[in-house]
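Visitor: Quick one: structure below, then a few questions.
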Amino acid sequence: MRDAVRRLSVRFTTDNTDLPGSPDLANRRRHFAIFVHGCFWHRHANCARATTPSSNREFWSNKFKANARRDRRVVRALRRLGFKVMVIWECRTRDPVALTGRIRRFFDS
């Protein structure tokens, strides 16, 4: 994913612990933040990787709901700070051409 952003000649930082949610990539001057979400942990809809373990289902259900709430809260906080936010799903990083196109559209919009 970093290579796709670099190919577009976009500068970014990866040490973003001071921003809400610690985005994987960000640029404070251009006000963008990009997250790469794991399909399992962040519950990518209709993705084969977003399975629920068969043991302790209640724990996992609560955990996944809390993750989703936190994700929404983080995106809202970044947008309030004037950031444009993109979420890239782990399963979508496998096709570099499609990924680069998606990132290009994000920066062009």
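Every number here is computed from the coordinates shown, using simple stated rules; none is lab data. On a predicted model such as this, the values are computed, not experimentally measured, just so you know. Here the Cβ positions follow ideal geometry from the backbone for every residue, glycine too, while neighbour counts run over all protein chains shown.
Visitor: Based on DSSP loop calls and a cut-off of at most 15 other Cβ atoms within 10 Å, the longest stretch of the chain free of exposed trypsin sites (Lys or Arg not before Pro) is what?
Guide: No qualifying site falls inside 50-93, the longest such stretch.
Visitor: Here is a follow-up. With Rg and Dmax of the Cα atoms in Å defined as stated, name the option among (i) 15.6, 54; (ii) 17.6, 64; (iii) 15.0, 46 computed from the structure displayed.
Guide: Recomputing Rg and Dmax of the Cα atoms in Å here picks out (iii).
Visitor: Of all DSSP beta bridges in the chain, what percent run antiparallel (nearest 5)?
Guide: Just about 40 percent of them are antiparallel.
Visitor: Something else now. Roughly what angle does helix 57-80 make with the longest principal axis of the chain, taking Cα atoms, 0 to 90 degrees, to the nearest 10?
Guide: In the chain, helix 57-80 runs at an angle near 20 degrees to the longest axis.
Visitor: Considering the chain as a Gaussian network with a 10 Å cut-off on Cα pairs, which listed residue, Asn46, Asn67, Asn16, attains the greatest mean-square fluctuation?
Guide: Asn46
Visitor: Something else about it: Just how large is the dipole of the chain about the Cα centre, in debye to the nearest 20, putting +1 at every Lys and Arg Cβ and -1 at every Asp and Glu Cβ?
Guide: In debye, rounded to 20, the chain gives about 380.
Visitor: Something else about it: How far is helix 96-108 tilted, in degrees, relative to the longest principal axis of the Cα atoms in the chain, given as a value from 0 to 90 rounded to the nearest 10?
Guide: 60
Visitor: What chymotrypsin sites (Phe, Trp or Tyr not before Pro) in the range 1-98 are in a loop by DSSP, with at most 14 other Cβ atoms within 10 Å of the Cβ?
Guide: none
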